[in-house]
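The values are calculated or read from the model by the stated rules, or taken from the named source; none is laboratory data. The structure displayed is predicted, hence computed values, not measured ones. FYI the Cβ positions are ideal-geometry reconstructions off the backbone, even for glycines, and counts take in every protein chain you see. Just so you know, the surface numbers come from the protein's heavy atoms only, side chains and all, with ligands and any DNA or RNA stripped out. Shrake-Rupley method; radii C 1.70, N 1.55, O 1.52, S 1.80 Å.
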Amino acid sequence: MLRSSLVLEVTSAVLGAAREFLEKEGFVELLPVILAPVTDPLRTTPDRAIVSAYGQDWYLTRSMIFHKQAAVRICPKIFSFSPNIRLEPAERGKTGRHLFEFVQLDLEVREATRDEVMDLGERLLLYVLSEIRRDFSRKLAEVGRELPEYSRPFPRIAWHEARKEFGPDFEEALSRQSKSPVWIVDFPIEEREFYDREDPERPGILRDMDLLYPEGFGEALSGGEREYLPERIRLRILRQGLDPAAYAGLIALAKEGLPPSAGFGIGVERLVRFILGLSHVGEVRLFPRIPGVPAVL
């Protein structure tokens, strides 16, 4: 019972600390989008949850990437605590890292570069950890958890270098051996989605990044700069083997004018899992949705 109560208390404190930090940074909170006529393609998770209503199909949001790009036309800095539905393969339920319903702190910054949002991500994470450390050290000690203090900037490693050093499963190996959060940068274009911006000075390399937690807890944050020119978006959609007609709304928006932007998403449950040192991210939710595991409520 102590652990269940502590999970809820820490989750609430994480949400409050993140919101406080972002409001001080000038961000405006956006209400989440639950249903949309188009959503994140996410090639590694092909199944989609669909609701038919009012004569059309609506997708349960897999991420708010397109809505974030549209929103920064109105406000230069936006964030949302966005519920995501990703119908992961059942075997991913055993990784300890996957839920098929989770909440993502999603943010976007107009005219920002990758380095600027990486700096923001480091400061946001360290602020949240410092607030939790201040308010929950005693309770964390009771469950055998002590949060280290990390220094920034966090180390960086390029995708190709990480794969060469650690092999195909480099993300897990790198997370386990790292003593602090660590960035993976410069993913090859084939590894990510069409909205991740290709570096104009390095064809085939993306201006994106992932942040890994230490201690083997895996991915903390994912994001980067965005493609915003309509022809670039269309060509990237085609290169990915997708139908541009499915993304006609995004292309039309880009023709009207999308600003350059960069942003990222942080899985809230994964962050709480890391803070508490839990074995599975499902322990963070009272009503977890774990791939391949039946739910009773």
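Summary of values
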| item | result |
| --- | --- |
| Charge sum, other residues only, whose C-beta stays under 13 Å from Glu23's C-beta, Lys/Arg counted +1 and Asp/Glu -1 | 0 |
| Cβ charges +1 (Lys, Arg) and -1 (Asp, Glu), total dipole of region 145-276, debye | 160 debye |
| Rounded Å value of the spacing that divides the Cα centres of region 149-213 and region 89-117 | 14 Å |
| The chain: most fluctuating residue of Leu125, Leu258, Leu31 per GNM, C-alpha cutoff 10 Å | Leu31 |
| Phi to ³J(HN,Hα) by Karplus 6.51 cos²θ - 1.76 cosθ + 1.60 over region 137-152, Hz, x for Gly, Pro | 4, 5, 5, 5, 4, 5, 9, x, 10, 10, 7, x, 9, 10, 9, 10 |
| Rounded Å value of the spacing that divides the Cα centres of region 28-72 and region 222-297 | 9 Å |
| Lys/Arg +1, Asp/Glu -1 at C-beta; region 1-56 dipole; positive extreme among Leu31, Ala53, Val14 | Ala53 |
| The chain: most fluctuating residue of Trp183, Trp58, Trp159 per GNM, C-alpha cutoff 10 Å | Trp58 |
| Accessible surface of region 214-297, 1.4 Å probe, proportion on carbon and sulfur as whole % | 60 percent |
| Volume of the Cα convex hull of region 107-198, divided per residue and given in Å³ | 133 Å³ |
| Karplus-derived HN-Hα couplings along region 263-276 (A = 6.51, B = -1.76, C = 1.60, θ = phi - 60°), whole Hz, x at Gly and Pro | x, 7, x, 10, x, 5, 5, 5, 5, 5, 4, 4, 4, 8 |
| Long-range HN-HN contacts of Leu87 with modeled amide H, under 5 Å | Ala49 |
| Leu206 long-range amide H proximity, modeled H, under 5 Å | Phe187, Ile189, Asp199 |
| Top of Glu20, Glu256, Glu198 by mean-square fluctuation, Gaussian network on the chain, Cα under 10 Å | Glu256 |
| Charge dipole of region 112-252 about the Cα centre (unit charges at C-beta), most positive-ward option of Leu124, Pro188, Leu140 | Leu140 |
| 222 nm mean residue ellipticity, helices alone, for the chain (DSSP H n ≥ 4; -39,500 (n - 2.57); rounded to 500) | -11000 deg cm²/dmol |
| Net charge contributed by nearby residues that have their C-beta within less than 12 Å of Pro260 (K/R +1, D/E -1) | +2 |
| Net charge, Pro244 excluded, C-beta distance under 14 Å - Lys, Arg +1, Asp, Glu -1 | +2 |
| Accessible area in the full protein assembly, largest first, 1.4 Å probe, for Arg114, Arg197, Arg73 | Arg73, Arg197, Arg114 |
| Solvent-accessible heavy-atom area per residue, rounded to whole Å², over region 20-103 at 1.4 Å | 50 Å² |
| Residues of region 146-297: accessible area per residue with a 1.4 Å probe, Å² | 47 Å² |
| Convex hull of the chain built on C-alpha atoms - directionally averaged projected area, nm² | 15.9 nm² |
| Cubic angstrom per residue, convex hull over Cα atoms of region 147-297 | 166 Å³ |
| Residue pairs, from the table Lys77/Lys139; Lys24/Lys94; Lys94/Lys179, whose Cα atoms sit over 27 Å apart | Lys77/Lys139; Lys24/Lys94 |
| Protein accessible area in region 59-170, 1.4 Å probe - carbon and sulfur % | 50 percent |
| Under-5 Å amide H pairs with Leu221, H placed in peptide plane, nonlocal only | Leu211 |
| Residue-wise HN-Hα coupling along region 180-197, computed from phi with Karplus coefficients 6.51, -1.76, 1.60 (Hz; x: Gly, Pro) | 8, x, 9, 8, 10, 10, 6, 5, x, 4, 6, 8, 10, 8, 5, 7, 6, 6 |
